[in-house]
Amino acid sequence: MTATHTRSTAPATPIAPATPTSPSAPTSPSAPTASSVPSGCKTTYREAMREALREALRGDERVFLMGEDVGRYGGCFGVSLGLLEEFGPERIRDAPLSESGFVGAGIGAALAGMRPVVEIMTVNFSLLALDQILNNAATLLHMSGGQLPVPIVIRMTTGAGRQLAAQHSHSLEGWYAHIPGLRVLAPATLTDARYMLAPALADPDPVLVFEHGSLYNVSGDLPADAGPVGIERAAVRRPGTDVSVITYGGSLPKALAAADDLARAGISAEVIDLRTLRPLDDATIGESVARTHRAVVVDEGWRTGSLAAEISARLAEQHFYDLDAPVERVCSAEVPVPYARRLEEAALPQAATIVTAARRAVGEPLPATAGPAEPQPVDRGVGGAG
Amino acid sequence: MKPLNASDAVSVIKDSITRIVPDADFTRLEPDDKFRDVLELDSLDFLSLVELLSERTGVRIDEVDYPELTTLSDATRFLVERTARPPGPRR
Amino acid sequence: MSTTRTRRAPRPAAAPDPRAAHRLALLESMLRVRRFEERCVELYSAARIRGFMHLYIGEEAVAVGVNEALTDEDAVVSTYREHGHALARGVPAEAIMAEMFGRVTGCSRGRGGSMHLFDAGRRFYGGNAIVGGGLPLAAGLALADRMTGRNRVTCCFFGDGAFAEGEFHETANLAALWRLPLLLVCENNLYAMGTALARHQAETDLALRAAGYGMVSWAVDGMDVFAVEDAARRATEGVRAGTGPHFLEMRTYRFRAHSMYDSDRYRDKAEIDHWKERDPVEGLARLLREASELTDEARAALEDRLAAEIDAAVDAAEQAPEEPVEDLLTYVTSPVEVNRP
Amino acid sequence: MTAFTMPSLGADMDEGVLQEWLVKSGDRVRKGDVVAVVETDKAAIEVECFQSGTVGRLLVPPGTRVPVGAPLAVIDEEAVPGGRAGAAEEPVTAGAEAAPPTAAGPVAGTSPRGTPGPAGAGREASGGHERPTPRRKAARASGPAAEPVRGETRRPPEPAAESAAPVVGAGPLVRHLALLHGVDLAAVHGTGAGGRITRADVERAQPPPGRRVRATPYARRLAHDLDVDLTTVRGTGDDGAVRAADVNAAVLAGTGPREPERPDRRRDSGRRPDTAAPADSRAERRTDSMRRAIADLMSRASREIPHYYLYATIDLAAAEDWLRRCNRDRPPADRLVSAALLLKAAAVAAREVPALNGYWRNDGFAAAGEVNLGVAVSLRQGGLLAPVIHHADTLPPDVLMARLKDLVQRARRGRLRGSETTGATLTVTSLGDQGVEAVFGVIHPPQVALVGFGAVVERPWAVHGMLGVRPVVTATLAADHRATDGAVGARYLTAVDRLLQTPEEL
């Protein structure tokens, strides 16, 4: 993530207080807002996430963190480093390598009134818990006729880019976004990393949080005005007029970089960070595309049956008559993510491929070479007037 | 070329102008108004008008005659006079 | 919780012995399950109930006996063969019947059906149709109790088939590792759907294997309600004493098909007949009659009462409204204003 | 005489709806001809008859649901003696199947076109075998069809177009198709057996459907809203797809409106107020759209381009003299106006100062290889167009003048072609006719300069120390400071001035 990324972070409208304030929620005596990373300071995505956890753990005794190596090890990706010391082994609970077991246990604990945050090391491993997530977490409320909400938060790493090969690198959040009953979040900015957890915990229903592995080390200043965020709306991370680049998570920095490139070519790209992959914020997407008339959907998932496919379909359904170009998709190649760096890079969406797609969408497929052979049509937007 | 009376001339002029300015509103055009200004005829429009009038009446209209075609009444008089006289030498 | 909760009539005057009254109560509870299930067969055949339906006939002693050891505060997680567990737990027959009729008065508002009975108020957590899927959930319920210091037991029913699922082993390990207040009740009816235990497990002594996870476990005659009750009481005492999860292998048998109808090609008729000789309901009735604790008149009166109860449940279910289709999407997610526990 | 009955078109079909008759009474039909369309639960199916003969009464009106097997029409087999008056026969079949004399009368009324001949006759001969079979069925159907002649005469006469002369060698379905698609069967070459016209022949003969325009959905929407005929719009997208920008360009250029200036439009709309309203509102929308487009473009120009302005007053005495001399002997149609000279000078100067002729793109200037002059033309109803005179620097003044007149006229009539609206490398605007002396314009991105001319006015002018009255014009230059500096602009205006002093060389 670049400085641009964090600078452009627009806090979404808060829908819930950062700290659950239900009267029944036992509150720890320590000030819940105390934070070692105050706004406006240099931080990383990982630290922001940790701060969010710390805040939640301090503010609500029902909250506990459970997962593989979250305690002594400090988290497989270091997110929970130091929390064991502060909150003890009961609330920072190392779990055996039993994804289905501990995710299901989290669901049961949620049913019994707790507010578990369950960490799964990667989305690939979450498949071992898929039964619990789909057949229990997502369905219990409905299947019980509304009797059993499941207020669980399940965090997991997703995505490629770190040469972890085909069993640690996939982006399967689109699968989860398929499932009614779940809310699926993809914090892509420091602000969202810091502030999405609170509303996720306040949500009475299961929330899945996908943290792209390439983002943990991203550092920057948490904006001084950063504060509670909502988990309902997508965010326009960069306004533009010519093409809407719709993306989320680990692809957001790439999309922003692409937008910079495009701007140099005179193409104004609007970058939309979906933030919430389910339910999708059709309004924000639609409003943008109705203005730009062109859409590029960037999704690290495989193209076939992807979230990008869903968004493309919705655009076709809801905004067909706004489209001035076919919807472009930039997705991962249909291949298990390979190890070798060159291959891995080739398999993933990159800023350059986003630029190419955006140029196709706006009808300027090739970068201008030195001195046009013949005069181009005078203007992309409108032609003719002097 | 046949001689035109004033009323023929006026209608030829108005009709020619209408061809160039389809929605020309003659009700707000007084006989002594400068119709180029009122009806916003630019130099090309005016040239077209000259062309049309010349074609339809057979009158040769030189550039030096242009000042005669400033108001409706001038232009009418011009056409009536020129059609009454034999045409000037043609190329 | 005690069986008196589900009794609708005063105890027979001829039974002054409280233990005799208890025995009668057990009979009534089991008989309710039996008659309820029998009515379900009729209704299913008449296409009044649809979907998959798994009957508990033959296994009544397990649900009724275990329930004797549980209090209202305890939690129950069950399987898709759970009518008996729900009835024993006190979920009204009417609510269960209405659920299977798909009515709004059903215990899951018609959204669950036979396999997904829920009653949060009675801490009855379903109704899980994924074999083994309820086990981690139960561990979580127990974990919450442990973390909050509430002295409650979570009782999880599952079948011998669940022994082949990873979720059983993950949960057994987790529960023992974290010393969770969990009672694991394996209803070993010898068949995982249509596959005999010996054909799906290398080691068929399930209690032995559970013990390998470091928890107290033993096998129980699941056709004997007294044995079941006794074992459950001892196990829950252990759990409540903080000694971690306990495992009970209830050796039982289902008299009917896995689901509504099957060809029974996977087991002998003779085997079924053999087990029917050990019918837990009729066995107890015979015992009580021999002990002069149940007269023929009292039995008839009990049957009448249960029939009336089930008739009323069916009538009520039939007359109950269906959820309007406009409400199809409710309960997919919580309403914005949700009363969080 | 036999009955044509509702066929069973599938194992599960019990009844069907007679959707449409493709024949009328009096038509000749042959075994296998499609005579009606029946709608089943699954589809509309064209059904054939199994007899050759003449259609008698149609017993079932379209839209009727009837059970399978119910009679739908009576078919009188051919060659039945005492043929009905008006039952036309095709010469082909007449010659082949029936004894010629009996059909002699009707034949007179049939068209000899087509290719009757031995081949057709031979084919028809085989059709004759059918006769005995229908006869048997006829007995059953004799009841309802008892009075075919009267039934026929009671029916209102069919439109003459089709009934007058059944075309040689075309069955009812084909005739129906031809009518539907406006195909003149007489002009169709039949490729079927015996020169019979087949369905495919008719389909081939259809006037080609309107070219399917490749256009984006948004472009289509815009075109509809703005009443632009997409077939007239040049697409610049993928494979020539028309995009919104192309539609906007067409609107700005005035090409493509479906209702170009119709002289009698006002009267027309007066007579038909129902159509007038939408047309007017479309025109308004078009104007609005042009306004919006101009607004967008000019805002962008103003926002993005750091303009600098220069002006120079130029002595036009030489130019005006030259023009006068030129025009003196010319009929009005061939005369030049000063604008033509000014444009020429502007174009040649642009060639001399290429830094002002081209585009600012990708943070850099790219000079254009040619001088394509955009000429700002104001429209009477408001708005502005800038049709392009390509290679203006190379055109002799006469040609330039002709091009200018043509473009301006067509611009105002909404008749510009797409290529005439794009590709300008420098734009010239002249407001002299409106009486202003100087115009400081806004550059049309991505161009980097705009040249303006004011009115030609007479001013006191000092030349060689002498004061005189001269016609002068104020030439202005608005230029993009990103691309050039003032010195370049000054060089340009100086060049324009110099060029106008030797008009004969232009």
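Residue by residue through region D:309-329, note down the ones that are in a strand (DSSP E or B) and either of a type in the set (Asp, Glu) or surrounded by fewer than 21 Cβ atoms within 10 Å (Cβ to Cβ) (or both). D:Tyr309, D:Leu310, D:Tyr311, D:Ala312, D:Thr313, D:Asp315 - these are the residues of region D:309-329 that are in a strand (DSSP E or B) and either of a type in the set (Asp, Glu) or surrounded by fewer than 21 Cβ atoms within 10 Å (Cβ to Cβ) (or both). Would you be able to say whether some residue in region B:48-63 is farther than 26 Å from D:Leu336 by Cβ and crowded, with 16+ Cβ neighbours inside 10 Å? So far as region B:48-63 goes, no, none of its residues is farther than 26 Å from D:Leu336 by Cβ and crowded, with 16+ Cβ neighbours inside 10 Å. Of the residues making up region A:328-359, those that are under 19 Å from A:Ala295 (Cβ atoms) and in contact with a strand residue (DSSP E or B) (Cβ under 6 Å, 6 or more places away or on another chain) are A:Glu328, A:Arg329, A:Val330, A:Cys331, A:Ser332, A:Pro349, A:Thr353, A:Ile354, A:Ala357, A:Ala358. A:Ser36 - would you say it is modelled with pLDDT of 95 or more, over 16 Å from A:Val209 (Cβ atoms) and either surrounded by fewer than 24 Cβ atoms within 10 Å (Cβ to Cβ) or not aliphatic (A, V, I, L, M) (or both)? So A:Ser36 does not fit the description; no. For region D:438-459, which positions are away from chain A (no Cβ under 11 Å) and assigned to a strand (DSSP E or B)? Residues satisfying the conditions are D:Ala449, D:Phe453, D:Val457, D:Glu458, D:Arg459.
Taking the criterion of being facing another protein chain (nearest Cβ under 8 Å), out of contact with any Gly (no Cβ under 9 Å at 6 or more places or on another chain) and surrounded by fewer than 17 Cβ atoms within 10 Å (Cβ to Cβ), the only residue of region B:36-47 that qualifies is B:Glu40. Of all residues in region A:132-141, those that are facing chain C (nearest Cβ under 7 Å), surrounded by 22 or more Cβ atoms within 10 Å (Cβ to Cβ) and over 14 Å from A:Arg183 (Cβ atoms) total 2. Scanning region D:323-344 for residues that are under 15 Å from D:Val456 (Cα atoms) and of a type outside the set (Val, Ile, Thr) returns D:Leu323, D:Arg324, D:Leu336, D:Ser338, D:Ala339, D:Ala340, D:Leu341, D:Leu342, D:Leu343.
Since A:Gly108 meets every condition but one in (1) within 21 Å of C:Arg150 (Cβ to Cβ); (2) more than 12 Å from chain C (Cβ to nearest Cβ), which condition does it not meet? A:Gly108 satisfies every listed condition except (2).
Here is the figure for region C:72-95: residues that are part of a helix (DSSP H, G or I), more than 13 Å from chain A (Cβ to nearest Cβ) and surrounded by 23 or more Cβ atoms within 10 Å (Cβ to Cβ) total 7. Quick check on region A:216-231. Is at least one of its residues surrounded by 20 or more Cβ atoms within 10 Å (Cβ to Cβ) and in a helix (DSSP H, G or I)? No: region A:216-231 contains no residue that is surrounded by 20 or more Cβ atoms within 10 Å (Cβ to Cβ) and in a helix (DSSP H, G or I). Elements of the type strands (runs of 3 or more DSSP E) sitting completely within region A:249-356 and holding at least 1 residues that are within 14 Å of chain D (Cβ to nearest Cβ): these cover A:295-302, A:328-332. Could you tell me whether A:Gly108 is in a helix (DSSP H, G or I), within 30 Å of C:Leu329 (Cβ to Cβ) and in contact with an Asp or Glu (Cβ under 8 Å, 6 or more places away or on another chain)? Criteria not met by A:Gly108.
Residue under question is A:Phe102, and the condition is that it be assigned to a helix (DSSP H, G or I) and within 13 Å of chain C (Cβ to nearest Cβ); does it hold? So A:Phe102 passes the test. Of the residues A:Gly145, A:Gly159, A:Gly181, A:Gly174, the single one that is within 10 Å of chain C (Cβ to nearest Cβ), touching a residue at least 40 places away in the same chain (Cβ under 8 Å) and among the small types (Gly, Ala, Ser) is A:Gly181. Restricting attention to region C:119-137 and to residues that are touching a helix residue (DSSP H, G or I) at 6+ places or on another chain (Cβ under 6 Å) and assigned to a helix (DSSP H, G or I), the residue that is surrounded by the fewest Cβ atoms within 10 Å (Cβ to Cβ) turns out to be C:Arg122. If you go through region C:198-226 and keep only what is surrounded by 17 or more Cβ atoms within 10 Å (Cβ to Cβ), assigned to a helix (DSSP H, G or I) and touching a strand residue (DSSP E or B) at 6+ places or on another chain (Cβ under 7 Å), you end up with C:Leu206, C:Ala207, C:Ala210. Within region A:88-97, being facing chain C (nearest Cβ under 7 Å) and either charged (D, E, K, R) or surrounded by 24 or more Cβ atoms within 10 Å (Cβ to Cβ) (or both) holds for one residue alone: A:Glu90. Applying a threshold of 7 Å to beta carbon distances and a minimum spacing of six or more residues, or different chains, the list of pairs starting in region D:441-459 at a residue that is in contact (Cβ under 8 Å) with a residue 24 or more places away in the chain and closer than 14 Å to D:Phe365 by Cα and ending at one that is small (Gly, Ala, Ser) and part of a strand (DSSP E or B) reads D:Val448/D:Gly358; D:Val448/D:Ala479; D:Ala449/D:Ala478; D:Ala449/D:Ala479. Of the residues in region A:187-198, none is surrounded by fewer than 23 Cβ atoms within 10 Å (Cβ to Cβ), more than 24 Å from A:Ala352 (Cα to Cα) and assigned by TED's automatic domain parsing to the domain that holds A:Glu61.
The rows are residues; the columns are (1) modelled with pLDDT of 75 or more; (2) surrounded by 14 or more Cβ atoms within 10 Å (Cβ to Cβ); (3) more than 20 Å from D:Leu385 (Cβ to Cβ); (4) polar (S, T, N, Q).
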| site | (1), (2), (3), (4) |
| --- | --- |
| D:Asp225 | yes, yes, no, no |
| D:Asp229 | yes, yes, no, no |
| D:Asp239 | yes, no, yes, no |
| D:Asp264 | no, no, yes, no |
| D:Arg271 | no, no, yes, no |
| D:Thr287 | no, yes, no, yes |
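Pairs linking a residue in region D:299-327 that is within 14 Å of chain B (Cβ to nearest Cβ) to a residue that is part of a loop (DSSP other than H, G, I, E, B), with Cβ atoms under 7 Å and 6 or more positions apart or on different chains, are D:Leu316/D:Val456; D:Leu323/D:Leu336; D:Cys326/D:Leu336; D:Asn327/D:Arg335; D:Asn327/D:Leu336. Just one of the listed residues (C:Asp145, C:Asp119, C:Asp221) is more than 14 Å from chain A (Cβ to nearest Cβ) and acidic (Asp, Glu), and it is C:Asp221.
With respect to the numbered conditions (1) under 21 Å from B:Leu44 (Cβ atoms); (2) modelled with pLDDT of 90 or more, which one is the sole condition not fulfilled by D:Ala350? Just one mismatch for D:Ala350, condition (1).
For the residues C:Val281, C:Val314, C:Val336, the requirement of being part of a loop (DSSP other than H, G, I, E, B) and either at pLDDT 90 or above or within 14 Å of chain A (Cβ to nearest Cβ) (or both) singles out C:Val336.
Flag: D:Val408 matches the condition of being under 20 Å from D:Gly452 (Cβ atoms) and within 8 Å of another protein chain (Cβ to nearest Cβ). The conditions of being modelled with pLDDT under 85 and more than 12 Å from chain D (Cβ to nearest Cβ) are met by B:Pro86. Of the candidates C:Arg122, C:Arg146, C:Arg179, the single residue that is under 18 Å from A:Pro96 (Cβ atoms), in contact with a Gly (Cβ under 7 Å, 6 or more places away or on another chain) and in contact (Cβ under 8 Å) with a residue 24 or more places away in the chain is C:Arg179.
The values are calculated or read from the model by the stated rules, or taken from the named source; none is laboratory data. Quantities reported herein were computed from a predicted structural model and do not represent experimental measurements. No Cβ is skipped: glycine too gets one built from the backbone with ideal geometry, and neighbour counts run over all protein chains shown.
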